[in-house]
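Reviewing the structure listed below.
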Amino acid sequence: MKKRMWRRMQRRRSTAGFTLLEMLVLMIMIGVLFAIAAPGWDALISRQRVSTAREQVVQIIRQAQSDAKTSRMPRLVVFDPNATGIPRVANIPYTPGTALPVALNNVGNWQTLGNGDIKPRAIQLASTNPSQIVIENDGSIAQPPTVAASQPTNFKVTISRVNAPGDGTKRCAIVATLLGAIRQAEGSDCNIP
């Protein structure tokens, strides 16, 4: 009787669970799936970072327009694409008659794009020259002195991945009119002349 029970238990033990070979095959399959999904995941995260930074740029320009209307004083939005690691932007009061562009070391109140959620050297910022925009006290955009009054001005701020600007992650905010209308674009619409 004991021998029969012992044999039944041996059979049950041998059929219970997974073999080592089955576990290795499963681990290899999971590794292959991760290898397939990793580039897509990286692209998704990169697009999200760039889009978040663009949204922040648009928000800062709109906040400067609102501040200019509220205080009845012009505002200056300054972009620093060459900041160490992470691009930054500032919305500061502007005194009419001050020479443009304002030196970056004279600017305070900097905000890094991504609010600290973006790793250094992950995104890059480029803008039309100069990388500063004056917003009048009525919320309109001041005509840069280097541009003829009859020439239309589009102020572009472009954000893309650092090492892959042509991979579809290029996004931009365009201040399209002197009235300060802001539109968002992506891809080849963001090329800065």
Simple label model, 7 Å out from Cα along Cβ direction - L21 to A38, nm: 2.9
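Could you sort 20-28, 100-108, 129-137 so that the peptide with the highest average Cβ count within 10 Å comes first and the rest follow in order? Don't jump to the answer; show the numbers that get you there.
Values: 20-28: 10.0, 100-108: 11.9, 129-137: 19.1.
Ranking, from highest mean packing down: 129-137, 100-108, 20-28.
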Ranked packing of 57-63, 86-92, most packed first, by mean Cβ within 10 Å: 86-92, 57-63
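Values in this text are rule-based calculations from the coordinates and carry no lab data. Please read these numbers as outputs of a predicted model, since none were measured by experiment. Backbone-built Cβ (ideal geometry, glycine too); neighbour counts: all protein chains shown.
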